[in-house]
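First the structure, in the form of C-alpha cells, and then the observations on it.
The values are calculated or read from the model by the stated rules, or taken from the named source; none is laboratory data. Bear in mind that the values here come from a model prediction, so they are computed numbers and not experimental data. Here Cβ is always computed from backbone atoms with ideal geometry, including for glycine, and neighbour counts include all displayed protein chains.
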Ligand SMILES: CC(C)(COP(=O)(O)OP(=O)(O)OC[C@H]1O[C@@H](n2cnc3c(N)ncnc32)[C@H](O)[C@@H]1OP(=O)(O)O)[C@@H](O)C(=O)NCCC(=O)NCCS
C-alpha cells in the first residue's frame, strides 16, 4: 500500500463546502454529507477533521459526535466515530488510517473516555477497537460485530453498558 502524505487538521469554516462534496463523492449520495452539516448546525460535531493533499485539497474527512449509554453511573464521556470518507482516487493509500489516528488523539486531548464505531469489522480492530457487545454495549442499527468500541482512558468503559445512542442528527439519517 502506498502511503499518501497528507496534512491533518481540524476543519475550518471555509472547508464546509469541500467536506460536503467529498463525503457525497465517497458515499455516492448526500445523506452522510447532510448528516455532518446537521451535526455542525446543532453543535453535535465534537471533532471534525480533514486530510488535505499537497495542493491543499480536502481528500479526507472524519467526524466524532457525543453518544449516550443506557447505563453509565460514572457519567463517562463517549463519542461515536462517523462518518468517515476519503475521496475515491485517494482510497487505500493510508489516508483513512491517518485520519483515525489523528481523530483518536484529539479525543484523548478532550478526555473522551471511550469511542464507538459502526464499520468494517476487519478494519477498525487495528486501531484498538473491539466488538462492542463484548463490552456489554448494544446498538440501534443491528450491527453485531460491526459495532465496535475502545476505551481511551483507564476504566473508560467501566460499568458502562446497554444501548448506545448517537446524537440527534443520526435520527434524521435515512
Ligand atoms: C472506508 C474509507 C474511509 C477508508 O479510507 P482509506 O483511506 O481507503 O483507508 P486506508 O487506506 O487507511 O485503509 C485501507 C483499508 O481499509 C479497509 N477498507 C476500506 N474500504 C473497505 C471496504 N469497503 N470493505 C472492507 N474494508 C475496507 C481495508 O482493510 C483496506 O485495507 P487494504 O487496502 O489492505 O485491503 C474509504 O474507503 C471510504 O471513504 N469509503 C467510502 C465511505 C465509507 O464507506 N466510509 C466508512 C463508513 S462511515
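Results, tabulated for the structure shown:
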item: Qualifying residue in segment 16-23 (condition: under 30 Å from residue 162 (Cβ atoms), part of a helix (DSSP H, G or I) and more than 12 Å from the ligand (Cβ to nearest atom)); result: no
item: Single residue of 162, 142, 155 found to be part of a strand (DSSP E or B), more than 10 Å from the ligand (Cβ to nearest atom) and either on the phi > 0 side of the Ramachandran plot or without any contact (Cβ under 8 Å) to a residue 12 or more places away in the chain (or both); result: 162
item: Conditions (1) under 20 Å from residue 16 (Cα atoms); (2) at pLDDT below 95; (3) buried (at least 22 other Cβ atoms within 10 Å of the Cβ): number failed by residue 173; result: (3)
item: Failed item in (1) touching a residue at least 12 places away in the same chain (Cβ under 8 Å); (2) under 14 Å from the mean Cα position of the chain (by Cα), with residue 105 passing the rest; result: (1)
item: Residue check for residue 62: over 18 Å from residue 173 (Cα atoms), within 12 Å of the ligand (Cβ to nearest atom), within 16 Å of the chain's Cα centre (by Cα) and buried (at least 19 other Cβ atoms within 10 Å of the Cβ); result: no
item: Odd one out for residue 40, checked against (1) within 14 Å of the ligand (Cβ to nearest atom); (2) at pLDDT 95 or above; (3) on the phi < 0 side of the Ramachandran plot; result: (1)
item: Residue match in segment 24-33 (condition: within 16 Å of residue 169 (Cα to Cα), more than 16 Å from the ligand (Cβ to nearest atom) and in a helix (DSSP H, G or I)); result: no
item: Members of segment 35-55 that are without any contact (Cβ under 8 Å) to a residue 40 or more places away in the chain and touching a helix residue (DSSP H, G or I) at 6+ places or on another chain (Cβ under 6 Å); result: 45
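Residues checked against (1) within 10 Å of the ligand (Cβ to nearest atom); (2) free of Cβ contacts under 8 Å to residues at least 60 places away in the same chain; (3) crowded, with 21+ Cβ neighbours inside 10 Å:
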{"site": "66", "(1), (2), (3)": "no, no, no"}
{"site": "76", "(1), (2), (3)": "no, no, no"}
{"site": "87", "(1), (2), (3)": "yes, no, no"}
{"site": "115", "(1), (2), (3)": "no, yes, yes"}
